[in-house]
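To start, the structure under review is shown below, and the notes come after it.
The values are calculated or read from the model by the stated rules, or taken from the named source; none is laboratory data. Values in this document were obtained by computation on a predicted structure and should not be read as measured data. Virtual Cβ from ideal backbone geometry, glycine too; neighbours counted across all protein chains shown.
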Amino acid sequence: MNERYEQMYRAATRYYIQGETMEAIAHGLDVSRSTVSRLLADARKTGLVRITIAEGSSSQAPVARSLSDAFGVRVHLVALRGGLSPMARIDQVAQRAAGLLTEVVGDSMNIGVAWGVTMASLTQHLRHRPLTGSAIIQMNGGANQRSSGVPYIREIMQSIGDAFDSAVVLFPVPAFFDYPDTKAAMWRERSVRHVLDQLARLDVAIFGVGSLTGSIPSHVYATGYLDEDERLQLAADGVVGDICTVLLREDGSYADIAANERATGLTPGELARVPRRICVVADPLRAPAVVGALRAGVATDLVLDEATARATLRRL
């Protein structure tokens, strides 16, 4: 333990655990009060001290309790002021999700992340929390017929990796293969199996909710991942959205949707084996997809705003 770290540890212990004043700590350590203030600030910045805030009364509101009772999930309800733009709504809910993620991750964990608009916003709010031996693993492929998708996805994954001082494992496959046989062949490749093996050992997963309708279009449906004929077929199949690019109906079914034979993300059944699963959504228009995701059992934690929560309850 180096001298600076030892000073931070001693100052933090005396301030946060023993309840001493900064003046008393400064006298005990033979430093100035301003030095103690900097030591405490550095202790928070480096993750030596981690401050959490208990859920507010909003997450005990009737709408939160109703969702929790209906689906057996922890509901983290975010109070928003009226008149926010769709992107501002996503940003504020993503901020709460970033705090929750920081609270639940730990050393030697595999942390799965599904890319998307919400996750891109979440990266802007992550605080630095150094972890040892952990990895950030991309949960679904990202390439499509128009682009590799790599720069956008790599930026999301690397931002989270940097926040937690963790290795980043990218998943270098398309979001959807053209043919199920191609996917089956790729799943036998050692480089792909390496990623699949790590995904099978996730400790935490965090993801948004894709939707055929939304205030801000989901990347899967708006940026070349599915052509017009495929989107029409999804509507005919009753698809309302996706989790990790695995398509869902509002009743939570997904196994018989033909396009899922080509999808590369974790299925709800595979996700269900992950101990902590954080679903983040901030758009009332995505309520049908949220219902489908919750009925499929994808989440242990649901982070959303009240308007989205009420829209979701109205679908039940």
Task: Number of positions in the stretch 36-48 that are of a type in the set (Val, Ile, Thr) and either surrounded by fewer than 16 Cβ atoms within 10 Å (Cβ to Cβ) or under 25 Å from LEU126 (Cα atoms) (or both) - done: 1
Task: Qualifying positions in the stretch 238-290 - among the charged types (D, E, K, R) and either in a helix (DSSP H, G or I) or touching a helix residue (DSSP H, G or I) at 6+ places or on another chain (Cβ under 8 Å) (or both) - done: ASP242, ARG249, GLU250, ASP251, GLU261, ARG262, GLU270, ARG276, ARG277, ASP283, ARG286
- [ ] Would you check if TYR225 is among the aromatic types (Phe, Trp, Tyr), closer than 23 Å to ASP91 by Cβ and at pLDDT below 95?
- [x] no
- [ ] Looking only at the stretch 67-126, count how many residues are of a type in the set (Val, Ile, Thr), out of contact with any helix residue (DSSP H, G or I) (no Cβ under 8 Å at 6 or more places or on another chain) and surrounded by 20 or more Cβ atoms within 10 Å (Cβ to Cβ).
- [x] 1
- [ ] Please note which helices (runs of 4 or more DSSP H) are completely contained in the stretch 88-190 and include at least 1 residues that are in contact (Cβ under 8 Å) with a residue 40 or more places away in the chain and within 16 Å of the chain's Cα centre (by Cα).
- [x] 117-122, 150-163
Task: Residue tally, condition surrounded by 14 or more Cβ atoms within 10 Å (Cβ to Cβ) and not polar (S, T, N, Q), over the stretch 181-200 - done: 6
- [ ] Select from the stretch 280-293 the residues that are crowded, with 24+ Cβ neighbours inside 10 Å and under 21 Å from LEU122 (Cα atoms) and list them in ascending order.
- [x] VAL280, VAL281, ALA282, ASP283, ARG286, ALA287, ALA289, VAL290, ALA293
Task: Qualifying residues in the stretch 20-79 (those that are outside any helix (DSSP H, G or I), out of contact with any strand residue (DSSP E or B) (no Cβ under 8 Å at 6 or more places or on another chain) and of a type in the set (D, E, K, R)) - the one modelled with the lowest pLDDT - done: ARG50
Open item on the list: Restricting to the stretch 258-279, count the residues that are touching a residue at least 60 places away in the same chain (Cβ under 8 Å), surrounded by 22 or more Cβ atoms within 10 Å (Cβ to Cβ) and out of contact with any Asp or Glu (no Cβ under 9 Å at 6 or more places or on another chain).
Closed with: 3
